[in-house]
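So the structure is just underneath, and the comments pick up after that.
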Amino acid sequence: MSHQPYETWILESNTLPVEDRRVLETHLATCEHCRALHHKWRVVQQELRMRTMVSPAPGFVQRWQSGLAARRAKEARRQAWKAFLGFMGSAIILLFVLAAYVLSYSSPADWLAAFIRHIAYAMDLTDTLFSLALIWLRSTPPALNLALWIYASVTLGMLSLAWVFALWRTSIIGVFTNEPR
Ligand SMILES: [Zn+2]
């Protein structure tokens, strides 16, 4: 006895048209062979559904998400520190370059003498700084001077921008993770 098309219909029972389904159910009531196949197929489908629906341990999603946020915050802090140290490093190098330049142009004794003279003449701090700036301007070529001052102010500007950005990023991340800073 042939069990077609019933065997095919059993395997396609999820998408079977209503008319065919009715015919199949009539056949299942009378045919033990197809009833057995139908039963086995249902067991297999149930098994598959149960296996794919294995759920993660309770709290897994929350743990993973909070772990992710913490990792992101840590990475952001690391980046901020890297940027800060980088700018600090270049600022310090600039200071050394300036110091070396000044010492190559005039002896430290000259500078010290000028400094002490100005301290002695004008105890006013603003006046002293102004005079030091004038000495510097008089003893160096204007073009180099300008370039150095532009470089110094750009570096300092970037440094403060980096700091503001780092603080802003840390506070934004803190708002999202409620992490104590
Ligand atoms: Zn049959």
Q. Inside the range 21-67, can you point out the residues that are among the hydroxyl-bearing types (Ser, Thr, Tyr) and more than 13 Å from the ligand (Cβ to nearest atom)?
A. THR52, SER55, SER66
Q. Somewhere in the range 148-168, is a residue surrounded by 15 or more Cβ atoms within 10 Å (Cβ to Cβ), part of a helix (DSSP H, G or I), in the same structural domain as LEU95 (by TED's automatic domain parsing) and modelled with pLDDT under 75?
A. no
Q: Identify, by number, the condition in (1) under 25 Å from HIS3 (Cα atoms); (2) of a type in the set (Val, Ile, Thr); (3) at pLDDT below 90 that THR52 doesn't meet.
A: (1)
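The values are calculated or read from the model by the stated rules, or taken from the named source; none is laboratory data. Keep in mind that what you see is a predicted model, and the values were worked out from it rather than measured. When we count neighbours, we look across all protein chains shown, and the Cβ atoms used for this are built from the backbone with ideal geometry, even at glycine.
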